Amino acid sequence: MKRLRKFLSLTPSDRRLLVSAALLLGAIRLGLWLLPFQTLRRLLAKMTQVTTQLQNADLTSMDRVVWAVAVASRYIPGVKCLARALATQVLLSQRSYPTCLRIGVAKSEGGKLEAHAWVESQERIVIGGLRDLSRYTPLPPLVGERP
């Protein structure tokens, strides 16, 4: 009940954004499980192209988008950094913010390969920043990404 009251106390635009983020995260989580990564990226790119014209008037700040993805990701089981990064990229792109999805790899102390995803926009990391992000070696930008 407390969560519902908190949700209802949000502004209408924040509620819409939070619901959009939750639905998108759920769809991405399912897509990562069922589809090849490139297929999912193509679908997300098409979704962004279709809605860009509709969202141009949306003045939602970058920080509110990141907030919505972070909050919604707490309620969607199995959401990891890649799903958060993809959702943030879609929501920001729909609002005409330039974005770049970055994926980096590192070896753990036990020699195990680890990966992490984050999104950069306007020369800053908007989601996925870690204290030890510098230990990850960024892979070359994915096809269609701006470095």
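The figures follow:
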read-out: Residue order, fewest to most beta carbons within 10 Å, for Met47, Met62, Met1; value: Met1, Met47, Met62
read-out: Violating pairs (Cα-Cα greater than 30 angstrom) within the set Lys80/Lys112; Lys2/Lys46; Lys2/Lys80; value: Lys2/Lys46
read-out: Whole-number percent relative contact order across the chain, with pairs defined as alpha carbons under 8 Å at least 6 apart; value: 22 percent
read-out: Ascending count of other beta-carbon atoms within 10 Å, so fewest first, for Ile127, Ile76; value: Ile76, Ile127
read-out: Nearest-20 debye value, segment 2-138 charge dipole, Cβ charges on Lys, Arg, Asp, Glu; value: 480 debye
read-out: Dipole of the chain, positive end: most advanced residue of Trp67, Phe37, Thr48 [Cβ charges, Cα centre]; value: Trp67
read-out: For Leu23, Leu113, order by how many other beta-carbon atoms lie within 10 Å, fewest first; value: Leu113, Leu23
read-out: More than 24 Å apart - percent of Cα-Cα pairs taken over segment 2-138; value: 31 percent
read-out: For the chain, calculated [θ]222 nm from helices alone, where every DSSP H run of n ≥ 4 adds -39500 (n - 2.57); value: -16500 deg cm²/dmol
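Each reported figure results from applying straightforward, stated rules to the coordinates on display, with no laboratory input. Please read all numbers here as calculations on a predicted model, not as lab measurements. Cβ sites come from the backbone with ideal geometry, for glycine too, and all protein chains shown count toward neighbours.
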